[in-house]
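Here the structure comes first, spelled out in structure tokens, and everything after it is commentary.
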Amino acid sequence: MTDATHGSAADKSVTTDPSGPMLAADGTPLKTSLNRALRKQKRRALFLIAPLLVFILVTFIYPIGEMLFRSVENQIVGDTLPRTVRVLADWDTEASDIPGPAVFSALAKDMMVATEEKNHTRLGSRLNYEASGLSSLFRKTGRGVDDVGEGYTEQFVALDPAWEDPQTFIDIFAGPRWLDANAEYDGEGPRPTFRLAAGIGEVLPQTASIYRDFARVVQTEDDDNPAEEEPWNTVYLALYEDLQAGAVIPADMAHADMLNAAQVAAASFTTTDVLADFVSFDKDWADRDVWRIIQTYSAPYTTGYFLNSADLQLTPDGVAWRPENERVYVTLFIRTLIMSTAITVSCILLGYPIGWLLANLPSRQANLLMILVLLPFWTSLLVRTSAWKVLLQDQGVINDLLVWIGVVADDNRLALINNATGTIISMTHILLPFMILPLYSVMKTIPPSYLRAAKSLGATNWTAFWRVYFPQSVPGIGAGSILVFILAIGYYITPEIVGGTKGVFISNRIAYHISTSLNWGLAAALGAILLVIVLGFYWAYDRIVGIDNVKLGG
Amino acid sequence: MTLKTTLAATTALTLAATGVFAESHAAMSNDMTIVSWGGAYQNSQLKAYVEPYVALHPEVNVVWDESSAEAVAKLRAMNEANNITWDLVDVEAADGIRLCDEGLAMEIDVDEALAAGDDGSTATDDFGDSLVSDCFIPQIVFSTTVGYRTDMVGDTPPTDICAVFDTETYPGKRALNKRPLANMEWALLCDGVAKDDIYDVLATDEGQTQAFAKLDSIKADTVWWTAGAETPQLLADGEVVMGSTYNGRLFSAIAEQDQPIGMLWDAEMLDFDGWVVPDGLSEERLARVMDFLKFATDTQRLADQAKYIAYGPARASSAPLVSTHAELGIEMAEHMPTDPANATNVFVTNYGFWSDYRDDLDSKFQAWLAQ
């Protein structure tokens, strides 16, 4: 389509001053004109691939991006224990063995809310990834936390039975707008979200905050009216703390007299040791390490998952190795790389002669051979893997045959399955077509006359092969190796079935964390590392062999 | 004229039929996905609960999912994705407690939702101690025990659970469950810990280390299974000399398939298995599930299940109704884990412990396996 522009530009160029820019027929510089034409073309091309581009963005790039984002995300600690995290930030790990009473009081409130919302087990699972033992800690605490602060509830009620009345709290804490909306609520749809009265947050900050949480939980979790429910014990705990901290009660506040009387009486209340309550749920609450872990992982973003992927951990003193009995990932990465290499090499050794036969046999036999190569390729992966299970097991076909021939003794059968050997054998078989097909398509294009020419010039069979034929087939080996190696490095079904515990890959661990332990952050981090390794190999391959030397076909 | 009338009549009929159809089915969904353990056990549920129910309600279409072993993880993931695709899930007691604590299973008022016992007792009384959680509707009492190849153990068949750890007397591979349950308890028991102290010991780091050390002694000889049907298969193939699985699976392999397999009734881990309903089902789906649940957990249905597999019914009122095997005519009661002759040295699983410690020990166990 640029022919016309080209022609006129050429004509014009003859007549214009050679030092100035070349001009098109309409007088614009040729470069601009050409660019405009090309841009139009590019835009049209983009328009054509737009559906594909959008599809890839939505179904591939975005989910992967979101998954990888999980490898650094860590909002759950701060979201579930907001009060605790705030107070815990001031804890000096060196000055005291465990945090002070303020932290335990904050924890009691946070845990009460989390337990009612059933979020505490999730937080326990999250922290359990860092140190096993924390999941049971949070579960056990969740069972008992509603009793924390009960002593204060009893003392407030003994002082004035009105403290037991839900309406007292509504009078003090509820905002007028919510009161109106709540009165109009007819049972349909979601309840109006509870709102605090103006200014109450300054007078009784702790109590207002926990009472708001209480009211909202009652509304959303139990679908009840907060005006009819007795507050949690932790609300009384907070009220005691606020009053003791010297809250100044404005005279015009609802129940100011009750609050003033309570403030006077609170000075002589019997105090409760919240720490002791928590330790009675689980003695680990008095464990410095538990608190250090919560403090270390309170930030919304963490490098913890990536460190974990390398058998490292984040401690308050910096990065350190994980305990000996938890180090598995480095071993698994190395094992994955070594075994993938072994599989790739066995595929080259087995696939090369077959590729050669396919390319050089008369077409009748070659077609038959081709079908034999493709037939397993078309069979379900699970079926082929299960077939290997039957073949390789101790009482399996191969062992039976070897015993029958007399190569191995009956009581000393070869261990071919549930170990690395089983994985290498079956994966070599499964990935073999990915090596044979590129090899075949490259070998097909090597003219047989080259070999004949080499021989007629005096080369031996070996020299003719090694100096003439082999170099021309290298692009096929390259393509096959990249395919097989990259497929192998991410394989998981076959190792899972025949690999036992010693023949599994890093992808089995990723699958475990995705589907069983639900440690998606760690799975994402492991996946990201695997991706970087593959890209690293690709880059190295490009530097050494050159990616232009890879051919998938003629 | 006639054509017009016919058309009009047909249209009216169709409309009416559609109306009736829509009305009768607005209340209850016709599709129900039931999650179970596969194999002989799932088959017993199909025969005893689902087939009779579908005979009464032919419009119901039941889909099975054999994912009970990873039910907790999958329900957590479904909750995360906000897309609950299961209607009824068969889980062990400890998992029922876990799911209830996490808000993933629905709390069910047993007396309101389930049928009273045939003997007139309320559902609560009838189920008794098996109601371990507000969300868990028990079906069966089962046990995890060990089966062995009778032709591979010589003249001295094992009688003691510790034969699992005795590779000198019983050389060969063992099949064990790829999760800490039962393995940890047996390891401590055979390492000299008194039966009553096992869960106290297992709650400590030292106790866990001790259990792993004991398991280390047979790690190289162990094939790890994930589905209950694997051990009977491995035993039948002669791949392992002994292996743990659920007693009903061993019964099926021995009595129904006539395999050369024997089973141990020593320190078998007694546990409950039952239904939970995932939280957050739509009204129509929930209505169907509750209707099925009421039917499938009544006295007769629970007793019927015992015709197909050797597990004890969870209702006290079902026990007298347990009869003979549906095809073989064998008296089933004596193959139940609850039979006094079998329960001489039974080990009752502490589901409370496992609901608290499962996450901790799972992660340690998997790390131990990977090393």
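The values are calculated or read from the model by the stated rules, or taken from the named source; none is laboratory data. All values derive from a computational prediction rather than experimental measurement. All Cβ positions, glycine included, derive from the backbone under ideal geometry; neighbour counts span all protein chains shown. Quick note on the areas: whole protein, heavy atoms, side chains included, nothing else; ligands and nucleic acids left out. Shrake-Rupley method; radii C 1.70, N 1.55, O 1.52, S 1.80 Å.
The loop-placed GluC sites (Glu not before Pro) in region B:263-362, going by DSSP, that have at most 13 neighbouring Cβ atoms within 10 Å of their Cβ come out as B:E327. Packing order of peptides A:47-54, B:290-297, A:499-506, B:125-132, highest average first: A:499-506, B:290-297, B:125-132, A:47-54 (average count of other Cβ atoms within 10 Å over each peptide's residues). Couplings 3J(HN,Hα) of region A:254-270, computed from phi: 4, 6, 4, 5, 4, 5, 5, 4, 5, 5, 5, 5, 4, 4, 10, 5, 6 Hz, in residue order, whole Hz [Karplus 6.51 cos²θ - 1.76 cosθ + 1.60, θ = phi - 60°; x for Gly and Pro].
For A:D160, no residue 5 or more places off, or on another chain, has a built amide H under 5 Å of its own.
Please express the shape of region A:149-266 as an equivalent ellipsoid: the semi-axes are the square roots of 5 times the eigenvalues of the C-alpha gyration tensor, given largest first in whole angstrom. Walk me through the numbers before you get to the answer.
Values: eigenvalues 118, 46, 29 Å².
Here the semi-axes work out to 24, 15, 12 Å.
Tell me the total accessible area that A and B bury against each other, 1.4 angstrom probe, in square angstrom rounded to 100.
Working: alone 29690 and 16090 Å², together 42930 Å².
It comes to approximately 2900 Å² buried between A and B.
Ranking A:F104, A:F434, A:F69 by solvent-accessible area of protein heavy atoms (1.4 Å probe, all protein chains present), from largest to smallest, gives A:F69, A:F434, A:F104. The calculated FRET efficiency for A:A453 paired with A:N360, based on their beta-carbon distance and R0 = 22 Å, is about 0.90.
Within chain B, what percent of beta bridges assigned by DSSP are antiparallel, to the nearest 5? Show your work: numbers first, answer last.
Values: 23 of 38 bridges.
That works out to approximately 60 percent antiparallel.
Per residue of B:362-370, other chain Cβ atoms within 10 Å of the residue Cβ number 6 on average. Computed over chain B, the P(r) tail beyond 38 angstrom holds 23 percent of alpha carbon pairs.
The charge dipole of region A:58-189, taken about its Cα centre with unit charges on the Cβ of Lys, Arg, Asp and Glu (plus for the first two, minus for the last two), comes to roughly 760 debye.
Scoring A:213-223, A:178-188 by mean Cβ neighbours within 10 Å over their residues and listing the highest first yields A:213-223, A:178-188.
As an exercise, find the ratio Rg/Rh for region A:329-549 from alpha-carbon atoms, using the Kirkwood inverse-distance average for Rh. Please report the intermediate quantities before stating the final value.
Values: Rg = 20.2 Å, Rh = 19.5 Å.
Radius of gyration relative to Kirkwood radius: 1.04.
Within 10 Å of each Cβ in B:100-106, how many Cβ atoms from other chains are there, averaged over the peptide?
The per-residue average across the peptide is 4.
For B:Q139, the amide hydrogen comes within under 5 Å of the amide hydrogens of B:D273, B:G274, B:W275, counting only partners 5 or more places away or on other chains and with H modelled in the peptide plane. Remark: chain A projects, on average over all directions, an area of 48.1 nm² (convex hull of Cα atoms). With every protein chain in place and a 1.4 angstrom probe, the accessible-area ranking of B:L104, A:L382, largest first, reads A:L382, B:L104. Over all directions, average the projected area of the Cα convex hull of region B:75-130 and note it in nm². Directional mean of the projected Cα hull area for region B:75-130 stands at 4.6 nm².
Quick one: in the protein assembly as shown, what % of C-alpha pairs are over 41 Å apart?
For the protein assembly as shown, the fraction of Cα-Cα distances above 41 Å is 55 percent.
Comparing Cα centroids, region A:216-295 and region B:314-355 end up 49 angstrom apart. Here A:K109 is the anchor, and the lysines within straight C-alpha reach of less than 25 Å, apart from those fewer than 8 places off in the same chain, are A:K118, A:K140, A:K283.
Projected onto their three principal axes, the Cα atoms of region A:351-419 cover extents of 47, 28, 18 Å, largest first.
For region B:155-168, putting each phi into the Karplus relation 6.51 cos²θ - 1.76 cosθ + 1.60 with θ = phi - 60° gives couplings of 8, 10, x, x, 10, 10, 4, 6, 4, 4, 8, 9, 7, 7 Hz, in residue order, rounded to whole numbers and with x for Gly and Pro. Our coupling estimate for region A:386-391, obtained by passing each phi through the Karplus curve with A = 6.51, B = -1.76, C = 1.60 and θ = phi - 60°, is 5, 4, 5, 4, 5, 5 Hz, Gly and Pro reported as x.
Determine the calculated [θ] at 222 nm for chain A from helices alone, applying -39500 (n - 2.57) to every DSSP H run no shorter than 4 residues and normalising by the residue count; nearest 500 deg cm²/dmol.
Details: 28 runs with 353 residues, N = 554.
Result for chain A: -20000 deg cm²/dmol, rounded to the nearest 500.
Stokes-Einstein diffusion for region A:430-481 at 4 °C, viscosity 1.567 mPa s, with a Kirkwood radius from C-alpha pairs, works out to 112 µm²/s. Using a Gaussian network model of chain B in which every pair of alpha carbons under 10 angstrom is joined by a spring, one finds that among B:S68, B:S133, B:S121 the greatest mean-square fluctuation is at B:S121. Within 10 Å of each Cβ in peptide A:120-127, how many partner chain Cβ atoms are there on average? Round it to a whole number, please. Going residue by residue through A:120-127 and averaging, the value is 3.
Annotation: amide H of B:W225 within the under-5 Å range of B:L176, B:N177, B:K178, sequence separation 5 or more or interchain, hydrogens built in the peptide plane.
Report the antiparallel proportion of the DSSP beta bridges in the protein assembly as shown as a percent, rounded to a multiple of 5. Around 65 percent antiparallel, to the nearest 5. Per residue, the solvent-accessible area of chain A (1.4 Å probe, heavy atoms of protein chains only, all protein chains present) comes to 51 Å². Surface composition of chain B: carbon and sulfur atoms hold 52% of the protein heavy-atom accessible area at a 1.4 Å probe. In region A:304-342, the residues whose accessible area drops by at least 20 square angstrom when the other protein chains are added to the isolated chain are A:N325, A:V328; the probe is 1.4 Å and only protein heavy atoms count.
Extent of region A:253-379 along its three principal axes (Cα atoms, max minus min coordinate, largest first): 106, 38, 26 Å.
Modelled spin-label separation between A:I371 and A:S280, with each label point placed 7 Å from Cα along the Cα-to-Cβ direction: 8.0 nm.
Rolling a 1.4 Å probe over the protein chains gives B:K214 an accessible area of about 50 Å². Highest mobility in the GNM of chain B, judged by mean-square fluctuation with C-alpha springs under 10 Å and restricted to B:D90, B:D360, B:D304, is found for B:D360. Taking a straight Cα-Cα cut-off under 17 Å and skipping sequence neighbours fewer than 8 places away in the same chain, the lysines within cross-link reach of B:K195 are B:K214.
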